[in-house]
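Beneath this line is the structure, given in structure tokens, with notes to follow.
Throughout, read-outs are computed from the coordinates displayed, never taken from laboratory work. Predicted model, so just to flag it, every value in this text is computed and none were measured. So basically every Cβ, Gly included, is an ideal-geometry build from the backbone, and we count neighbours across all protein chains shown.
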Amino acid sequence: MFSLRPRRWMQACVVCLLAVVMLGADPSARFNKVGHEMICTCGCGQILLECNHVGCPVSPVMIGELHTLMDAGGSNTSIMNWFAAKYGATVLAAPIRGGFDNVAWIAPLAVFLLATVGVGFLIRRWTLRSGRRVAASAVGPGVGGDAMRERIRRETEY
Amino acid sequence: MRLHPMPEFGSFALLLALALSVYTLVMGGVALWHSRGATAGADGAAGRLGETARRAGISSFIALSCAAFALVWASFTNDYSVSYILHHTNRALNTAYKFSALWSGQEGSLLLWAWLLSAYGFVLRMRHKVDVRLTAFASTILAGIQVFFLMLLNFAAPPFAIQPGPVATDGFGLNPLLQYPEMVIHPPMLYLGYVGFSVPFAFALGALMMRYPGEKWIHITRRWTMVTWLFLTCGIFLGAHWAYSVLGWGGYWGWDPVENASLMPWLTGTAFLHSVMMQEKRGMMKSWNVWLIFSTFLLTILGTLLTRSGIVSSVHAFASSNIGDWFYGFILIVFAVCLFTFFKQKDHLKSENRLESLVSRESSFLFNNLILLAACFTVLWGTLFPVLSEYVQGTKVTMGAPFYNRVNLPIGLFLLFLTGIGPLLAWRSTSLRSIRRNFILPSIAMGVALVVLLIVGVRPWEAGDDWQGTLFSLVTFTLAAGVITAITAEFLRGASVVRTQTGKSLPASTVLLVRRNTRRYGGYIVHFGIVVMFIGIAGGAFNQSHEQEMGFGDTLTLGQYRLVCQSFTQDSKPEFDTEYALLDVYRGQKKLLQLAPEKRIYFPNTDHAQPSTMVALHSTLASDLYVIYEGRDPDSDKPIIKAFLNPLMNWIWIGVLIVVAGTFLALVPNMTRAPVRLAVVEPRLVEAEAHHV
């Protein structure tokens, strides 16, 4: 029971945070956010709320539908699913339907993490080797002063 | 049969340029083969053959200049027998835009590409005495690239193709979106950047092929790479500024595939500029650097493939054509040559030194490269994912701003962090004492900035659905305070050492310090410019917009501004029909100015009528008031006005100017040789040297 306390505290904190965020949610900000998650399907390729074509036949209709769905109390996800079902997946400005769409998000993160681990491994291998080399050279003959100075100057110029 | 002297002259010049480039490639290659083993320029028959190849390369520039001249001449003389001129110009077009017609379509822009490549080659071949043999290798490789573009121009996308049938009396005109002063400068700048990366690529490949001893080739190509990087930077931001001023959607970067195509080589090129210092100073990362410059070049070609083959849809893309296959072939050949050369000469690329500590300048460069390449991968992935999705799922998806912003913002923040701490770390190893000494001021600055920002109201938890943007801004502003303090402290620390040595005043010491090591302090100024740009980008989290119908006397309030409609009208001009509104702008009770947002319809009453937005802009250091005329409500007949308040926009453009200034400074040779310490007793002094030399 005692061991669960920190977990309870964390849960309570999350609930409070969500409450603060949700209670502070402004309907116009939500409309703005969802409207910026979709693309106008007239072919201009612009974000729905940024489509500025004179007499665009599509964006006013879509914006009207967005207003209606928001007034009806739909969640952001359900609204976007509705648009994806009606206009096709390209209406969403980013792939969020799950399944293979998740690969779009996971791949950059995975590559970044792998590369970070790779660089970390490389640095560790180099520093270990370098440590051994320094230890070996410490017992060897001394390096010529001029050559050493020139090397230091070259290596530290920038 | 009609005669077309100028187009025929242009076509002949293109064919001649191709022949000369083939000669440079083949005979240059033969001469290098026969003189293999020689370290300097070859003598005897091989040397003479190599010299003829060099001169043929120079002549190809003259031939391509004639071809470019012929196309511009055709544009100026309204020669609508040429299909390209017919489709991209008309009689009403003013002189500057008639000139810019050279790059406003597929064939012309390929001609510009080939001409710029030959111009770079011309300079390189004229300066061959810098290193005769290495230049001969680079010249031959450049000729290979040029042969590809000239084959395209001669056989796949000829700019002098004759329009069948009777000659039209007027042309179709230039896309109105391109009729803007920046569009006269932006494409050549971008192309200078794209094409310019061919030169460091040719030098790197050539140096690897000939097993060039030492790192002199990096010294030779340093200025080429920096100038190229500068052109690409200017090209990208001129494009962003054009998009902001012309497209009328309130933003400057839409993550369109064409924009992405320019950003990718910029990211790898930036990584190369940093990591090449490790090779120059410490003989490390040789294989990595070679692949960075190979990748940068390949990305410039891939970007061209993406935008010209129609495999990804873009609002900028040139019409889909059959030249995609040519680019696939070329990329494969280049990649195969790079791979073969790399594996053949791999033993030549062994590092002379190893990394000695995790906390060092070298490891900061490694992480910097990691971040830049991660950003590049994200952009490439986002650009290609729709194609992959269609292949796997059978449906295309859109990869728009929400994807790139979410993935790239954390990467960008990490890069900003490294921009600050990287220069504070010493080469080889940094001691704890040095870290304490160098990091204390930036840390205090960040703490103070964070507190002040929270007090003035930058609080993510109060931003509702926009909390991510506000959090990003808070972190950016805080990090920016730290980085700016770190850069300033570096200048002051160095200047105080110079002041102690020379007894001069602090400003004079700072100038002397910068003159002694322009590369280092130019680099710091570039970093400062990047930080200023980040501040401007972070301001985007606080953008506001409002749209409403505005009849006579109606008021629209946005932030501190109040817009009052004075009138609205429509007019007809020879080139376009126009509608506009006159809006008085007030701050408080004070009238500041009058704005006139306008909507133009070019080629009215034709089947290719095209609307164009003329943005009305009131720009200050704090924010931009950006007003567009969206059209008229058909019911009320009142104009619909949309106004944006974009905070800190000018900081982005100012940041770019600082980056340009810093790069120019870094290109200037040191006026005084950096002082050399006479004795190094302990490693600690080496570290001190790293900060003050």
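Using +1 on the beta carbon of Lys and Arg, -1 on that of Asp and Glu, and nothing else charged, what's the dipole of the protein assembly as shown about the Cα centre, debye to 20? Could you put the intermediate results ahead of the total?
Details: 67 positive and 50 negative charges, 941 e Å.
So the magnitude is around 4520 debye.
Averaged over B:350-356, how many beta carbons belonging to a partner chain fall within 10 Å of each residue's beta carbon?
On the way: counts 0, 1, 0, 5, 11, 9, 7.
Mean number of neighbouring Cβ atoms from other chains: 5.
How much mean residue ellipticity at 222 nm does chain B get from its helices, if each DSSP H run of length 4 or more adds -39500 (n - 2.57) and you divide by all residues, to the nearest 500 deg cm²/dmol?
Rounded to the nearest 500, the figure is -21000 deg cm²/dmol.
List the pairs from B:Lys98/B:Lys642; B:Lys590/B:Lys642; B:Lys281/B:Lys504; B:Lys98/B:Lys599; A:Lys33/B:Lys591 whose alpha-carbon separation is above 27 Å, in the order I gave them. It would help to have the intermediate numbers written out before the result.
On the way: B:Lys98/B:Lys642 33 Å; B:Lys590/B:Lys642 22 Å; B:Lys281/B:Lys504 31 Å; B:Lys98/B:Lys599 23 Å; A:Lys33/B:Lys591 33 Å.
In this structure, B:Lys98/B:Lys642; B:Lys281/B:Lys504; A:Lys33/B:Lys591 lie more than 27 Å apart at Cα.
List B:His527, B:His546 from most exposed to least, where exposure is judged by having the fewest other Cβ atoms within 10 Å.
Details: B:His527 24, B:His546 14.
Arranged by neighbour count, lowest to highest, B:His527, B:His546 become B:His546, B:His527.
When we measure straight from the Cα of B:Lys286, which lysines land under 29 angstrom away, once same-chain ones fewer than 8 places off are left out?
Here the lysines satisfying the reach criterion relative to B:Lys286 are B:Lys129, B:Lys216, B:Lys344, B:Lys346, B:Lys350.
What is the average number of partner chain Cβ atoms found within 10 Å of a Cβ in B:388-398?
5
Could you list B:Arg499, B:Arg436 so that the one with the fewest beta carbons within 10 Å of its beta carbon is first and the one with the most is last? Please report the intermediate quantities before stating the final value.
Details: B:Arg499 19, B:Arg436 10.
Ordered by Cβ neighbours within 10 Å, fewest first: B:Arg436, B:Arg499.
Once you average over the residues of A:102-114, how many Cβ atoms of partner chains fall within 10 Å of each Cβ?
Averaged over the peptide's residues, the number is 5.
What list of ³J(HN,Hα) couplings, whole Hz, do you get for segment B:633-648 from phi and the Karplus terms 6.51, -1.76, 1.60, once you set θ to phi - 60° and write x for glycine and proline?
So the Karplus estimates, Gly and Pro as x, are 6, x, 7, 8, 6, 8, x, 9, 10, 10, 10, 10, 10, 10, x, 6 Hz.
May I ask you to sort B:Glu549, B:Glu362 by Cβ crowding, counting other Cβ atoms within 10 Å and putting the fewest first?
Lowest count first: B:Glu549, B:Glu362.
Which lysines have a Cα less than 17 Å from the Cα of A:Lys86, not counting those fewer than 8 places away in the same chain?
B:Lys396
Work out which helices of chain B, taken as complete DSSP H runs, extend at least 24 Å along their axis over the Cα atoms and score a mean Kyte-Doolittle of 1.0 or more, then list them. Don't skip to the answer; put the middle values down first.
Details: long enough: B:5-34 (42 Å, 1.34); B:44-76 (48 Å, 0.86); B:106-126 (30 Å, 0.87); B:132-151 (28 Å, 1.69); B:216-242 (39 Å, 0.53); B:257-282 (38 Å, -0.05); B:286-309 (34 Å, 0.93); B:324-344 (30 Å, 1.67); B:361-393 (45 Å, 0.94); B:401-421 (29 Å, 1.19); B:432-456 (35 Å, 1.66); B:467-502 (52 Å, 0.84); B:518-538 (29 Å, 1.09); B:649-667 (28 Å, 2.05).
Span-like helices here: B:5-34, B:132-151, B:324-344, B:401-421, B:432-456, B:518-538, B:649-667.
For chain B, what's the relative contact order in percent, using C-alpha pairs closer than 8 Å and at least 6 residues apart? Write out the running numbers ahead of the final one.
Values: 1186 pairs, mean separation 66.5, N = 693.
Contact order relative to length: 10 percent.
For segment B:321-396 and segment B:227-301, compute the distance between their C-alpha centroids and round to whole Å.
Using only Cα atoms to place each centre, the spacing works out to 13 Å.
Applying the Karplus parametrisation 6.51 cos²θ - 1.76 cosθ + 1.60 with θ = phi - 60° to the phi angles of segment B:565-578, what ³J(HN,Hα) value in whole Hz is obtained for each residue in order, glycine and proline being reported as x?
With the stated coefficients, segment B:565-578 comes to 6, 8, 6, 8, 7, 9, 8, 10, 10, x, 8, 7, 9, 9 Hz.
Roughly how many Å is it from the Cα centre of segment A:83-130 to that of segment B:120-152, as a whole number?
So the separation of the two Cα centres works out to 39 Å.
Mind checking segment B:507-582 for chymotrypsin sites (Phe, Trp or Tyr not before Pro) that DSSP puts in a loop (not H, G, I, E or B) and that have at most 13 other Cβ atoms within 10 Å?
Here the chymotrypsin sites (Phe, Trp or Tyr not before Pro) that fit, given the DSSP loop and packing criteria, are B:Phe552.
Out of segment B:193-284, which trypsin sites (Lys or Arg not before Pro) are coil in DSSP terms and have no more than 13 other C-beta atoms within 10 Å?
Numbers: sites: B:Arg211, B:Lys216, B:Arg222, B:Arg223, B:Lys281, B:Arg282; in loops: B:Arg211.
When the trypsin sites (Lys or Arg not before Pro) of segment B:193-284 are filtered for loop state and at most 13 Cβ neighbours within 10 Å, B:Arg211 remain.
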